[in-house]
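The values are calculated or read from the model by the stated rules, or taken from the named source; none is laboratory data. In this text, all values refer to a predicted model and were calculated from it rather than measured experimentally. Reconstructed Cβ throughout: ideal geometry from the backbone, glycine too, with neighbour counts over all protein chains shown.
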Amino acid sequence: MALPSGKVPIQVLENIIFKHLGAKRKEVILGPRVGVDGAVVEVGNKALITSIDPITGALERIGWLVVNVNANDIATFGVRPTLFSSCMLLPQGTAETTIENISKQMDTAAKKLEIAIISGHCETTPGITRPIIIGTAMGITEKNHYVTSSSAKPGNSLILTKGAGIEGTAILATDKKALLKKRLSKALLSKATSFFESISIVDEAVSAFETGGVMAMHDPTEGGVAGGIHEIADASGVGVKVFEAKIPVCEETVKICKFFNIDPLQLIGSGALLIAAKHGFAGKIVETLEKRGIKASIIGEFLKKPDERILVSKNGTAKPLIRPLSDHLWTALERE
């Protein structure tokens, strides 16, 4: 079977990848699972949270993104990321200035989050046509002082911060600017490009966790908000009902998605955070985040039956919540 661009289907994870995981180690408390952002390894009375992700669909801000996207995965555990490693794979013929630009972007992003870059690798790689940067982020916390994306319970409220398609909007406004400026205003594209500055969810994830009542958190990356909701439901073994009218989508995202005829809910969504919260705490979490200047909305609730994945459309019609086959960023990037 030919695979679509982006993440491999769940069936490939479960039937192939998860069956080949090397030796079992008692220190590994949480290993690879569908919908889980990273791993938990216990060392003494501490827990090491670690995660790995590549940046493959961006060009202009790839160094900034690789630090922030990986840091976000650690933050979804309620833990501040502190360490980072990278692997740069560059097309043959890449100039030194490209390496310098990427390195400076990583340095700026890491300093902003107070993260140390501790190791890495850099090479020119035959057969690729654009840079691929892989990052690994880590954070250290006390044993059991974290949450995962696999603990959402029926009756929990579902909170979304900021909105849908944040990262995808920024990437398309930057890498497809020449095409978009034929139809969209300079001011709108400039605002959309600034969405890169909203990619981090570290502060909101840690603030939500410290507020209390958080059961699970997950950041919607590839597959967007729709994919992220499925992933947290998959990991937790629950269903979900989501109200489309309550999902914030910025004007810039709407217009760029309309130009490319893609769905904002299936557009890569780093910068947003999904939170499963005890019903009585959801309002308090939203209030805490908004006091910090972070928009947050209660967009639905988790259900008991895992096969119930419902999207209530703006006209009140209930339909299945679409599970993206491939992130819609790839569809847009193929447009000339």
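Here are a few things to note about the model shown:
- Summed over segment 146-198, the residues that are surrounded by fewer than 24 Cβ atoms within 10 Å (Cβ to Cβ) and assigned to a loop (DSSP other than H, G, I, E, B) give a count of 15.
Conditions tested, residue by residue: (1) at pLDDT 95 or above; (2) outside the structural domain of Val214 (by TED's automatic domain parsing); (3) polar (S, T, N, Q).
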| residue | (1), (2), (3) |
| --- | --- |
| Met1 | no, yes, no |
| Lys7 | no, yes, no |
| Gly22 | yes, yes, no |
| Lys46 | yes, yes, no |
| Ala58 | no, yes, no |
| Val67 | yes, yes, no |
| Leu83 | yes, yes, no |
| Gln92 | yes, yes, yes |
| Glu100 | yes, yes, no |
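Here's the yes/no breakdown for (1) closer than 15 Å to Thr221 by Cα; (2) surrounded by fewer than 23 Cβ atoms within 10 Å (Cβ to Cβ); (3) not acidic (Asp, Glu):
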position	(1), (2), (3)
Ala23	no, yes, yes
Ile29	no, yes, yes
Val34	yes, yes, yes
Val41	no, yes, yes
Asn68	yes, no, yes
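- Condition met for Val214 (out of contact with any Phe, Trp or Tyr (no Cβ under 8 Å at 6 or more places or on another chain), of a type in the set (A, V, I, L, M), buried (at least 19 other Cβ atoms within 10 Å of the Cβ) and under 30 Å from Ala152 (Cβ atoms)): no
- When residues of segment 45-64 are limited to those that are among the β-branched types (Val, Ile, Thr) and closer than 18 Å to Asp107 by Cβ, the one surrounded by the fewest Cβ atoms within 10 Å (Cβ to Cβ): Ile62
- Tabulated pairs, segment 112-130, first within 17 Å of Glu96 (Cβ to Cβ), second assigned to a loop (DSSP other than H, G, I, E, B), C-beta under 9 angstrom, 6+ apart or interchain: Thr124/Pro91; Thr124/Gln92; Thr124/Gly93; Thr124/Thr94; Thr125/Pro91; Thr125/Gln92
- Taken as a whole, the condition of being in the same structural domain as Val254 (by TED's automatic domain parsing), polar (S, T, N, Q) and closer than 27 Å to Lys295 by Cα does not apply to Thr148.
- Checking Thr125 against (1) of a type in the set (Val, Ile, Thr); (2) touching a Leu at 6+ places or on another chain (Cβ under 9 Å); (3) more than 16 Å from Pro54 (Cα to Cα); (4) surrounded by fewer than 16 Cβ atoms within 10 Å (Cβ to Cβ), the condition it does not meet: (3)
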